[in-house]
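Below is one structure; the comments refer to it alone.
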Amino acid sequence: MKRAFGRDARALAPGLAYLAPSLILFVAFVFYPLTQTIRLSFYNTRSTGVATTFAGLDQYTELLSSEAFRTGMVATAQFALYTVPASIAVALVLAVLLNQRLRGVNVFRTMMSSTIAVSAAVGSLIWLLLFNPSLGLLNYVLSLVGIRGPEWLIQPTTAVIAVALTTVWLMLGTNIIVLLAGLQGVPEEIYEAARIDGARGIRMFTRITVPMVSPSLFFLLVVDTIAVLQAFTQIHLLTRGGPVDATRVLVYSIYLDAFQNFQFGYASAQAVILLLLVLALTIVQFGVVERRVHYQ
Amino acid sequence: MSTVTAAAGIRAPRRIRAGRIGAYALLVVGSLLVAFPLLITISYSFMAESDIITFPPPVLPKNPTLHNYEQVLQAIPIGRYLLNSFVVSTVVVIGQLITASLAAFAFSFVQFRGRTVLFFVFLSTLMIPWEATIIPNYITIRSIGWLDTYQGLAVPFMATAFGTFLLRQAFLQIPHELHDSARIDGASSFRFFRSMVLPLTRPALGTVAIYGFLSTYNQYFWPLLITNQTLMRTTQVGIAQLRFEESLRWGLVMAGVVMVALPTLALLVVGQRQLIRGLTAGAVKG
């Protein structure tokens with residue numbers, strides 16, 4: 001028994017030496033803090049973040065019964081619904097345009113995917129100016145077609161749209177690149193065959209293109225939703241969670257409760273909910289991939 | 001049948017040419033729409049403040065000026081912000097290359113017990129959103145006195161599961177016979193790693209480097225939390241401070257935005273291929 005253990009330990013050692021640098025960092029900055037987030041969510045905390053008394057599920061019951069939390073979850077869902085499908089749809093159209101054998105198409109690929117290099121802070125500052133009611137070009141362009149543009153960031157309904165629009169633009173580059181790679185994986189013969197069967201234009205797009213890139217579309221649906229759940233910068237710079245909490249999404253609420261109101265326990269309970277949401281999305285992702293592989 | 005193809009053969013060139021012009025037109029319009037916010041930012045950065053506030057909003061500067069750039073250099077220590085961001089991003093990249101390549105080597109060439117379990121441990125870190133651990137991480141960094149330091153900005157991000165998987169994929173392409181013959185020649189595993197594996201997988205290392213640099217340089221939430229001193233701020237946090245000033249000078253803000261975004265846009269042009277490989281690595285498999 002002892003010998004067997006000794007042999008196992010020796011067998012583990014060579015691998016562990018290579019893994020140690022990563023593992024130490026993961027333990028320090030992922031796994032340990034994860035346990036602490038969960039622990040803090042069950043405790044009352046001092047304003048310094050030190051846990052004081054055990055609170056059981058109090059933070060959670062308070063959270064789930066609070067009006068602000070419900071509004072926040074609605075805002076989160078709204079933000080995701082306005083952002084993710086729009087960004088994927090626009091990216092798909094642009095990726096189809098880019099997936100042509102034309103001279104110089106690479107220049108257009110670089111231009112259209114340029115937003116992958118643009119940070120959320122930079123993008124937010126640019127859109128802040130575009131949304132400006134008097135100086136911004138957005139309302140001017142709208143006025144040209146006879147629409148009186150709103151005060152984007154002042155009204156609750158349009159503030160959510162403004163943050164979503166900025167995020168759609170920020171995600172466009174990544175989405176285009178992923179979908180373009182998906183499109184390039186579709187064999188030319190499939191399009192040939194469809195063309196012989198008389199498929200053209202829109203029909204070709206809905207019957208052939210969309211189904212063929214559905215794995216990439218699904219991948220983006222999950223990954224983009226997770227990214228939207230984590231979006232902080234746009235909200236911090238465009239709306240600060242307002243007006244009247246219209247854009248106080250989950251992550252922003254965590255930030256406000258932890259680092260402005262110093263209620264670390266209460267914020268940690270919300271962080272646990274964020275964690276569960278992301279875990280659920282990841283499991284859905286794995287589940288679907290698993291099934292697809294199985295049926296093939 | 002032959003007459004039909006002959007007739008089509010005469011018509012086709014013109015139709016193809018028309019189709020091609022149409023395709024280019026759509027590409028130009030699409031590219032301009034997507035890149036418009038960036039293009040207008042560059043334009044604004046050369047515009048006098050008095051022009052920006054005219055109606056209708058101008059698109060191109062009437063009298064291009066560098067005044068905004070001079071102003072922003074005086075308003076904020078943007079050179080220092082750039083230095084901070086470059087130092088932190090470079091340290092993260094070097095750290096990630098070391099930790100991820102070592103781990104990827106273990107997962108591709110070293111046999112040991114618990115390999116599968118540890119692989120899942122790495123995988124699980126991808127499912128944990130950084131924001132869910134940000135409160136304890138902030139408390140940790142504060143308690144070890146790393147607020148307002150480069151190490152506080154860099155060290156938490158020096159391990160990467162994503163980079164490890166990417167490198168593992170590349171390492172698995174290396175024939176195992178190479179490892180065997182190196183061992184027969186008496187080379188240690190580590191020597192094989194250093195003198196064979198790393199040089200053979202430079203493109204993948206480049207992908208990890210570019211990806212790591214971009215994502216660190218573009219961070220906002222974490223540097224916002226852990227820096228208070230003006231001189232320790234990174235580009236993103238530093239430039240965003242302009243938004244909260246009493247009177248917003250848009251020309252100045254846009255000049256700052258250009259200076260902050262320029263390094264990443266240059267990196268996109270230089271390293272586009274590597275970046276695309278990184279972004280699609282997950283999607284193609286998933």
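When Rg and the Kirkwood Rh are both derived from Cα coordinates, the Rg/Rh ratio for chain B amounts to 1.11.
Relative to the Cα centre, the charge distribution of the protein assembly as shown, modelled as +1 at Lys and Arg Cβ and -1 at Asp and Glu Cβ, gives a dipole magnitude of about 1680 debye. Considering only alpha-carbon pairs that sit under 8 angstrom and 6 or more positions apart, the relative contact order computed for chain B is 29 percent. By other beta-carbon atoms within 10 Å, ranking A:F26, A:F286, A:F42 with the fewest at the front produces A:F286, A:F42, A:F26. Think of each Lys and Arg Cβ as +1 and each Asp and Glu Cβ as -1; about the Cα centre, that makes the dipole of chain A roughly 700 debye. As a rough footprinting exposure proxy, the listed residues A:I208, B:I210 were ranked by other beta carbons within 10 Å of their own, and the order from fewest upward is A:I208, B:I210. In percent, rounded to a whole number, the relative contact order of chain A is 28, using alpha-carbon pairs under 8 Å and six or more apart.
Karplus-based coupling profile of segment B:256-266, in residue order and whole Hz: x, 4, 4, 5, 6, 7, 4, x, 6, 5, 5, with θ = phi - 60° in 6.51 cos²θ - 1.76 cosθ + 1.60 and x standing for Gly or Pro. Counting Lys and Arg as +1 and Asp and Glu as -1 over every other residue whose Cβ lies under 15 Å from the Cβ of A:S66, the net charge comes to -3. Proximity of backbone amide H atoms, modeled 1.01 Å from N, is registered between A:T247 and A:G242 at under 5 Å, excluding neighbours fewer than 5 places apart on the same chain. Counted as membrane-span-like here are DSSP H helices of chain A whose alpha-carbon atoms extend 15 Å or more along the helix's own axis and whose Kyte-Doolittle mean is 1.0 or above; these are A:67-98, A:120-131, A:156-184, A:214-229, A:264-295. Starting from the exponent 0.38 and prefactor 2.2 Å, build the expected Rg for the protein assembly as shown from its residue count and divide its actual Cα Rg by it. The protein assembly as shown yields a ratio of 1.05.
Fewest neighbouring Cβ atoms within 10 Å first, the residues B:H176, A:H236, B:H67 line up as B:H176, B:H67, A:H236. In the protein assembly as shown, the calculated helix contribution to ellipticity at 222 nm averages -23000 deg cm²/dmol per residue, counting -39,500 (n - 2.57) for every DSSP H run with n ≥ 4. With K and R counted +1 and D and E -1, the other residues having a Cβ less than 12 Å from that of B:P203 yield a net charge of +3. What number comes out for the charge environment of A:N99, summing +1 per Lys or Arg and -1 per Asp or Glu over other residues with Cβ under 13 Å away? Taking every other residue near A:N99 into account, the sum is +1.
Laboratory data are not the source of any read-out in this text; all were calculated from the coordinates shown. For clarity, every value in this text was computed on a predicted model and none was experimentally measured. Every residue, glycine among them, receives a Cβ derived from its backbone with ideal geometry; neighbour counts consider all protein chains shown.
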